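Undergrad: Have a look at this one.
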Amino acid sequence: MFIINCPFCGEREQSEFKAGGEAHIIRPKQPTELSDDQWAEYLFMRKNIKGIQFERWNHAHGCRKWFNLVRDTSNDEIKAVYKMGEKPPIK
Amino acid sequence: MTKNLRVKTGKAIDETYRISFKFNGSTYYGFKGDTLASALLANDIHLVGRSFKYHRPRGIMTAGSEEPNAIVQLHDNSSRTEPNVRATEVEIYEGLEASSQNCWPSVNFDVGGINNFLSPLLPAGFYYKTFMWPASFWEKYEYFIRKSAGLGKSPTKPDPDIYEHKYIHCDVLVIGAGISGIMAAKIAAKNNLKTLLVDEKPNLGGSTIYQNSDHFKINNQNSGSWVEKEINEIKKLENLEIKTRTTVVAYHGYNFLLARQNLTDHLPIEQRKNKTRHRLLKIRAKKVITATGSIERPMIFDNNDRPGILLSSAIKKYADYFGIACGEKNILFTNNDSAYETAISLIEKGINIEAIIDNREEINSKLIYEVEKNNIKIFKGYTIIDTSGYKRINKISIMQLSKDGQKVVGSKINLSCDCLGISGGWTPAVHLFTQSGGKLRFREEDQVFIPNTYPSDQLSIGACNGNLTLDEILRTTPESLIKFLNVKSSDYDNLEVLSEANKFKRNIWLLPSNKVLGKTKSFVDYQNDATSKDIKLALREGFRSIEHVKRYTTTGMGTDQGKLGNMHALGIISETTGTKMGELGTTTFRPPYTPLTFGTIVGRNVGEYFDVIRKTPLHDWHIDNNAEFENVGQWKRAWYYPRNTEDMHQAVQRESKAARASAGILDASTLGKIDIQGTDASEFLNRVYTNAWSKLAIGKCKYGLMLNEDGMVYDDGVTTRLGENHYIMTTTTGGAANVMSKLEDYLQTEWPELDVYLTSVTDHYATISVCGSNSKKIISKIITDVDFSDESFPHMSFKNVKIGKISCRIMRISFTGELSYEINVQANYGKSVWEKCMEAGKEFNITPYGTETMHLLRAEKGFIIVGQDTDATMTPIDLQMDWIVSKKKYDFIGKRSLYRSDTIREDRKQLVGLLTDNPDEVLEEGAQIVGDIKKSPIEMLGHVTSSYFSPNLRKSIALGVVKGGKNMMGQKLTIPMEKKNINVTVSDPVFLDKENKKLNA
Ligand SMILES: [Zn+2]
């Protein structure tokens, strides 16, 4: 079980958080302009990387804020945590 | 069988305290301090169980938690009985009852033993290969497999014991209180680190505590006395908490560990009352020091599993610690020096040793000289090729090993014995280390896996780190602890150590025999009866991955997870395939290290504490009025209110009729309620609902449908505009929390520019729905200063009102198709308002109705229930609800998905009504709908989602989803049931009052 450093609350047990899938997938501003394939790309396609992955997390049993974190999925090491809208601190 | 093999007072035994216990129905005696295994051995009982597949007689093999064979059933009574308990870990107490498992009718005469003679027919993968076909025979096979298999019986009555969970935070957790763990705990605690030391055994000191040999000394004392002195010191340390009988069962990431603390299992039953039995410790440690020691390896030769064959170290422990001779004619078989430590202990206690068989040809160490001095015959360069004795070993056969160790040479020698100790060297106990994500490295010189890279702030020390001798431990451990704990010095910096064992080991994974492998039974996994033959067979059949071989042969898949034999399995695979051990990898050790009871896992979360129970403010009223309750998520909802002898059907029919004929009242408090405020609230609703919201006037209500981004219906409910920038949204009962999360997600991540604030207010209000043609009259009686005319208070509108002094929101909205009013009142006033409605409705026979009637009434009107008539594959178009999807809005959640090639297919499952040809026939919800039943294979067109007998229409009605159903109005379809086929006609889903006249009745 991880310890996650919520950017608003500080370090908390993983059980307080909810995972929300891959980060930095932006909802298209003009969905109607998109082809089926383009829309499907946004809707369905997600990466499942062994290694560094950018993820959305929600402090569901805390401040209820969404934020991003960078995790190495091979050993669960959390490399960075940052607020929504901020640039990832690492690549 | 009444021999007493107690030789001399053992270190752990209190001979003044005699304890009686029962094993397989007979009474035996042991002493305080005995384990069940030691007490049985003292009574000369080796045979304790039967093996899983071949039902071979099996005995006690170890003296610890790695025991594969001596697993027993504890307690006779049906609430406390517990299977798969290792006799080597059970501390005896007055009145203990234990029995053998996996045998019928008794351990001495077991019908399943026939499997042993049939074993040529039971090779690896036998079950996979044989019982797969013909498929129709499976039921017959299953009966026999279940009867003869099985490891023990589970309790049939509720567990009477108390279990609990506890969180522990510490600076340093030390796992294992052997010599290394004790040093670690002392250094940590003395340096102001809050330290927790745990050990699975009742006492501290590991295997060092009972060493009194002059060959192993620390600062000129024998190692046992030295450790004892250290134990006395650490017990006084302020920063150190010590927990014995506490097994770390799981080591997760971020130094989160689970340990089971056993508090009462060693006490007589009557002393356990009101005490917690097991405590599951949830430990978060800044630093973890693993000092879990090592496990002695068996050796793999023909018939290496007979009762009377033990690990050599176990024989030593039984002698030194419990004061027991495991046999009167002992033979030791070894490939390293540690069997000589056992020999010296036995000699010292006057226990007879017939001979020692040593794989090694040239050996020299002080230990061996001492044994030789006692005129004990040592067969150097020999191996055991076979044993005999069905229920107890009585003879071994040995032959000389060839130089390369691949063959046996010379002639066979037979030696008689009643106990055989085997030592194949030591395997570091790296289970917890690997659980934590640690990676191992293979050390070629002595063929062991040792910790290599640590995934968290942790350190392995002592034997589990591959330091397998006393001098290695004492030379390296203090130094590595100083570094790891970042402290200046330790009390152990200048220890004087004497350790006279020689490290040389002759490792042969599978010992050669004079027979072909196919004729031997050399067990690698004792508990699962996997032999070296099975492993080789798997390899011949093409299995290569160690994980596949493991599953095919079931090696390492028993309750002991193959703690003894896994290394040999790897060794045999490595030798057979010519792959290096280091490259082969290991199978994964998974939690728990030793099995946990279910009680420990659930702790206090049993019975009414199993899950959170949510009750509405009207709950007590429902109870007082005889309601039956239904679980909806965590909510308890009034389901129906049976009167006198009514069953559910009768009650629902009565409630449904009354609600339409005059008046009904429903507790709708569980509906999710989200308060939405902010200057962009209207725009926000526009984006989350499919229909348009910007033009909704203040004081008006509107039904909305919410989709997922994939276009599928997610939730629905009525939202009311309370003010210019203020709405109250209702959601389904089950969807409330998810809708809230979803809305927050969009607001925070996609539309942070919107000025919108969301507050969940579900529990703040009681919601009371009064419906029926007389509902207006009833409401007007309790709210006198409001004009309830259609002009002033039309359908889908809202007013702030007062009932007495109580402020309420009242909405004229309907989920039944009847004229209805929904009163929302601060939760604490709920019951008083409900009672006022009941009082005012008395003259109109106002009838409380529950969720079942609510479902029926809405089905008559064809209103959907999200989650019942929809799953995550229904679009609004599929539901024939095109009217609610705005064509004008540029975007809303899920809009783009409504014209994907898949969602515009004509043959999608669509919601329709279903009318049975026989109006009294009520369909089963979930029943499959097909077209032509003569067509083969029959095409599945859909299924029934809701079905009722409608008392108001006096016929059966149902909703269902049918492929292309929208264009099938009036068509006949079939619902095949077990006993008959039911004919139905596809209809409009609205069955009652299509013109909505009743809403304005
Ligand atoms: Zn937070």
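Undergrad: For segment A:32-57, how many residues meet the condition of being within 12 Å of chain B (Cβ to nearest Cβ) and farther than 30 Å from B:Lys889 by Cα?
TA: 1
Undergrad: If you don't mind, there's one more thing I want to ask. Out of B:Ile893, B:Ile846, B:Ile864, I need the residue that is surrounded by 20 or more Cβ atoms within 10 Å (Cβ to Cβ), of a type in the set (Val, Ile, Thr) and within 14 Å of chain A (Cβ to nearest Cβ). Which one?
TA: None of the other options fit; the residue is B:Ile893.
Undergrad: Looking only at segment B:519-550, filter to residues that are of a type in the set (Gly, Ala, Ser) and at pLDDT 90 or above; which one of those is farthest from B:Arg50 (Cα to Cα)?
TA: Filtering first and then ranking leaves B:Gly542.
Undergrad: Being within 8 Å of chain B (Cβ to nearest Cβ) and in a loop (DSSP other than H, G, I, E, B) is the filter here; which residues of segment A:1-25 pass it?
TA: Matches in segment A:1-25: A:Met1, A:Phe2.
Undergrad: Turning to a different aspect of this structure: What are the residues in segment B:795-817 that are over 21 Å from B:His726 (Cβ atoms) and in contact with a strand residue (DSSP E or B) (Cβ under 7 Å, 6 or more places away or on another chain), if any?
TA: B:His795, B:Ser814, B:Thr816 - these are the residues of segment B:795-817 that are over 21 Å from B:His726 (Cβ atoms) and in contact with a strand residue (DSSP E or B) (Cβ under 7 Å, 6 or more places away or on another chain).
Undergrad: Test B:Phe991 against the stated conditions and say whether it is assigned to a loop (DSSP other than H, G, I, E, B) and either open to solvent by 20 Å² or more (accessible area, probe 1.4 Å) or touching a His at 6+ places or on another chain (Cβ under 9 Å) (or both).
TA: Criteria met by B:Phe991.
Undergrad: Here is a follow-up. Yes or no: segment B:265-276 includes at least one residue that is modelled with pLDDT of 95 or more and in contact with a Leu (Cβ under 6 Å, 6 or more places away or on another chain).
TA: There is at least one residue in segment B:265-276 that is modelled with pLDDT of 95 or more and in contact with a Leu (Cβ under 6 Å, 6 or more places away or on another chain).
Undergrad: How many residues does segment A:34-70 hold that are in contact (Cβ under 8 Å) with a residue 40 or more places away in the chain and either away from the ligand (no atom under 16 Å from the Cβ) or part of a strand (DSSP E or B) (or both)?
TA: Residues meeting the conditions: 6.
Undergrad: If I filter segment A:1-33 down to residues being out of contact with any Phe, Trp or Tyr (no Cβ under 9 Å at 6 or more places or on another chain) and charged (D, E, K, R), which single residue comes out as farthest from the ligand (Cβ to nearest atom)?
TA: Applying the first criterion (out of contact with any Phe, Trp or Tyr (no Cβ under 9 Å at 6 or more places or on another chain)) to segment A:1-33 yields A:5, A:9-12, A:15-16, A:21, A:29, A:33.
Now drop any that are not charged (D, E, K, R), which leaves A:11-12, A:16, A:29, A:33.
Numbers: A:Glu11: 10, A:Arg12: 7, A:Glu16: 8, A:Lys29: 29, A:Glu33: 36 Å.
Result: A:Glu33.
Undergrad: Hand me the list of strands (runs of 3 or more DSSP E) wholly inside segment B:218-297 holding 1 or more residues that are within 14 Å of chain A (Cβ to nearest Cβ) and more than 17 Å from B:Lys201 (Cα to Cα).
TA: B:246-252, B:256-262, B:276-290
Undergrad: Conditions: (1) within 30 Å of B:Met399 (Cβ to Cβ); (2) touching a Pro at 6+ places or on another chain (Cβ under 9 Å); (3) surrounded by fewer than 17 Cβ atoms within 10 Å (Cβ to Cβ). B:Leu468 meets all but one. Number of the miss?
TA: Tallying (1) within 30 Å of B:Met399 (Cβ to Cβ); (2) touching a Pro at 6+ places or on another chain (Cβ under 9 Å); (3) surrounded by fewer than 17 Cβ atoms within 10 Å (Cβ to Cβ), B:Leu468 fails exactly one: (3).
Undergrad: Quick check on this structure: which one of B:Ala501, B:Ala463 is open to solvent by less than 60 Å² (accessible area, probe 1.4 Å) and modelled with pLDDT of 95 or more?
TA: Values: B:Ala501 fails: modelled with pLDDT of 95 or more.
Sole residue among the options that is open to solvent by less than 60 Å² (accessible area, probe 1.4 Å) and modelled with pLDDT of 95 or more: B:Ala463.
Undergrad: Follow-up. Counting only residues that are more than 21 Å from B:Asp305 (Cα to Cα) and of a type in the set (Lys, Arg), give me the strands (runs of 3 or more DSSP E) lying completely in segment B:378-472 with at least 3 of them. Talk me through it step by step, then tell me what you get.
TA: Details: elements: B:382-388, B:395-401, B:408-416, B:419-423, B:426-428, B:439-443, B:448-453, B:458-460.
Where strands (runs of 3 or more DSSP E) fall fully within segment B:378-472 and carry at least 3 residues being more than 21 Å from B:Asp305 (Cα to Cα) and of a type in the set (Lys, Arg), they are B:439-443.
Undergrad: Which of the residues belonging to segment A:71-91 are within 14 Å of the ligand (Cβ to nearest atom) and not in a strand (DSSP E or B)?
TA: Scanning segment A:71-91 gives a single hit, A:Met84.
Undergrad: Shifting gears a bit: Filter segment B:393-410 down to residues that are farther than 19 Å from B:Leu517 by Cβ and surrounded by fewer than 19 Cβ atoms within 10 Å (Cβ to Cβ), then give me how many there are.
TA: Number satisfying all stated conditions: 5.
Undergrad: While we're here: Can you pull out every residue in segment B:14-48 that is surrounded by 22 or more Cβ atoms within 10 Å (Cβ to Cβ) and of a type in the set (D, E, K, R)?
TA: The one that is surrounded by 22 or more Cβ atoms within 10 Å (Cβ to Cβ) and of a type in the set (D, E, K, R): B:Asp34.
The values are calculated or read from the model by the stated rules, or taken from the named source; none is laboratory data. If you're wondering where the values come from, they're calculated on a predicted model, not measured in any experiment. Neighbour counts are summed over all protein chains in view; Cβ atoms, including those assigned to glycine, are modelled from backbone coordinates with ideal geometry. Just so you know, the surface numbers come from the protein's heavy atoms only, side chains and all, with ligands and any DNA or RNA stripped out. Shrake-Rupley method; radii C 1.70, N 1.55, O 1.52, S 1.80 Å.
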